[in-house]
Structures are given as C-alpha cells and as structure tokens.
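In what follows, a structure is listed as structure tokens, so that the remarks can point back to it.
The values are calculated or read from the model by the stated rules, or taken from the named source; none is laboratory data. Since the structure is predicted, the reported quantities are computational estimates derived from the model, not experimental observations. In this analysis, Cβ positions are derived from the backbone assuming ideal geometry, glycine residues included, and neighbour counts consider all displayed protein chains. Note: accessible area is taken over every heavy atom of the protein model, side chains too, but ligands, DNA and RNA are not part of it. Shrake-Rupley method; radii C 1.70, N 1.55, O 1.52, S 1.80 Å.
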Amino acid sequence: MPERLQKVMAQAGVASRRASEKLILAGKVKVNGKVVTQLGTKVSGNDAVEVNGKLIEQAEEKVYFLFYKPRGVISAAKDNKGRKVVTDYFSDIPFRLYPVGRLDYDTSGLILITNDGKLANMLMHPRYKIEKTYVAKVKGIPSNNALKQLRLGVQLDTKHKSAPAKARIISSDKQKNSAIVSLTIHEGRYHQVKKMLEKVGYPVRKLKREKYGFLTLDGLTAGQYRPLSHNEVRNLEKLVNKK
Ligand code: URA
C-alpha cells in the first residue's frame, strides 16, 4: 500500500515525521532518482527513496487479512507433514505471513493473517481478553445445568478452570440428539472449546469460529479472505492499547 513519503522516512528511522518533511521541502529527498519536494507524495516498497544521496531501507509494509479457514488446513506457515497450511491461500501475497493464534485442523472459521508480529503477539496475549465466538455442533442437547457450568467456568484439567463464558443453544434436534451451541470465550487454551463442552457432557462434532473481537466472517465463504480496512486495524490496535 503506498504511504506518504514522510511516514516512510520516519518508519525507516531517517528522522521524525516533522524533520522528514523539512528534508523533503529542502530538496534533500529523491524518489526513483528525482528530487521530490511535494509533501503529499506517496511511495511504495518498490520505490527507491534517497535522503542526502543515500538509499534508505524501507520498513516492510504491514498487511492484515481476515481469512475463513476451511476444515482440514493447519494454522501455521508450514507443516512438516506436508499438509495444507493457511498461508498456502496467500501464495501471491509477497510478504512472510503468519496466523494470529490457532484453530484446530478440523475447526473452520475466522483467523487473522498478518506480517505484523507485534500486533499478532499482543492480540494473542491473554491479558487483552479478546472475545472469540464459536459455534459448535454437539452430541446431545445441553441441559440448563451444563449451560450454567459453561457460563461459570469448567475445570479443564488439574490446573486450569475456564473463565466465565457466554453460552447459549442456537437450535436443537431431539431426533438426531444434537444441538448447535454458541460459546464466547476470551481465552485460547489448547482445544479449549472442545474440552469445555466435553467436560459438561456434550462432545463437539463440528466446530467453527464465527467472531474474533468485532470481526465476523460476513461476506466470505470457506477458503476466502479479505484485507482488513484501515479502521479495522486501528480498532484492533485499540483493543490492545497499541495506539
Ligand atoms: N477451541 C477448540 O477446541 N478448538 C479450536 O480450534 C479453537 C478453540
């Protein structure tokens, strides 16, 4: 994405944005060999920017995507067993991308993909309590007591109890003895949703993540992605107080 010249200079550590503007106005900056004195000039990673005759090294542009992961895909940048990974869907994007957190191989749904390691790490940190909503098809129809347990917290193993969650039944089918349950949690322990539902007696048959913070899968089908808007990135940064 093209960015303003003074921003690119500041990100490359040349000088503050203000000081970079002064350098531009003073005719000290060249873009692709030509002096540029216009402050609004936009440049991208392919443009050669020289300051006082020295080429600057541009910081890598940050890109952010919302991906609808299909089932049967690994949430990693590579897999040593040669299975399909989420980044295979981004092979024409010229950046080294990573998923933000994980979804199980057999779980579908919303996962963020980016090259912004700093924001990714912050989003994954439990202290920011980002809510994720899952929709699970379970065996059996959860009782009121089971829903209450999910809401209060479930002992996942000897050490960990899940934090209070939102849980409700979306629909149920007595004949098939199954139900669709919505569960919203802000933690991200290994197999957490499957464990929570298993522990209260309703094993998961199918799992999908429908929401991540304020982001949803609207408009996408499995295997598709879209870039996040500027506003969406800003709002994610706000969730972790990055800006
Ligand atoms: N909880 C699970 O059990 N699996 C996932 O993929 C995500 C949350």
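Quick check on the chain: what are the equivalent-ellipsoid semi-axes from the Cα gyration tensor, as sqrt(5λ), descending, whole Å?
Values: eigenvalues 425, 64, 40 Å².
Square roots of five times the eigenvalues give 46, 18, 14 Å.
For the chain, the 222 nm mean residue ellipticity estimated from helices alone, with every DSSP H stretch of n ≥ 4 adding -39500 (n - 2.57) and the total spread over all residues, rounds to -6000 deg cm²/dmol. Hull volume per residue, based on the alpha-carbon atoms of the range 184-243 and their convex hull, is 116 Å³. Measuring nothing but how far apart in sequence close Cα pairs (under 8 Å, 6+ apart) lie, relative to its length, the chain scores a relative contact order of 18 percent.
Might you tell me the accessible area per residue for the chain, computed with a 1.4 Å probe and given in Å²? The partial results should precede the final answer.
Values: 13980 Å² over 243 residues.
Result: 58 Å² of accessible area for each residue.
When the range 1-140 is described by a simple charge dipole with +1 on each Lys and Arg Cβ and -1 on each Asp and Glu Cβ, the residue from V51, H125, N115 located farthest towards its positive end is H125. Counting only protein heavy atoms and a probe of 1.4 Å, the accessible surface of the range 17-175 is 48% carbon and sulfur.
Listed by chain and number, the lysines whose C-alpha is less than 30 Å from the C-alpha of K176, apart from same-chain residues fewer than 8 away, are K69, K132, K137, K139, K148, K166, K194, K195, K199, K206, K208, K211.
For the peptides 163-170, 191-198, 215-222, the ranking by mean Cβ contacts within 10 Å, running from highest to lowest, is 191-198, 163-170, 215-222.
Considering Cα pairs under 8 angstrom that are at least six residues apart, work out the relative contact order of the range 104-243 and quote it in whole percent. All intermediate terms of the calculation are to be shown ahead of the outcome.
Working: 219 pairs, mean separation 48.7, N = 140.
After rounding, I find 35 percent.
Largest GNM mean-square fluctuation across R18, R102, R226, computed for the chain with C-alpha springs under 10 Å, falls on R18.
Quick one: net charge of A167's neighbours, Cβ under 10 Å, K/R +1, D/E -1? Walk me through the numbers before you get to the answer.
On the way: positive: K148, R151, K166, R168; negative: none.
Result for the neighbourhood of A167: +4.
Applying Stokes-Einstein at 25 °C and 0.890 mPa s to the Kirkwood radius of the range 74-195, computed over alpha-carbon pairs, gives a translational diffusion coefficient of 150 µm² s⁻¹.
Taking amide H atoms as placed 1.01 Å from N in the peptide plane, the amide H of A59 lies under 5 Å from those of A12, each 5 or more residues away in sequence or on another chain.
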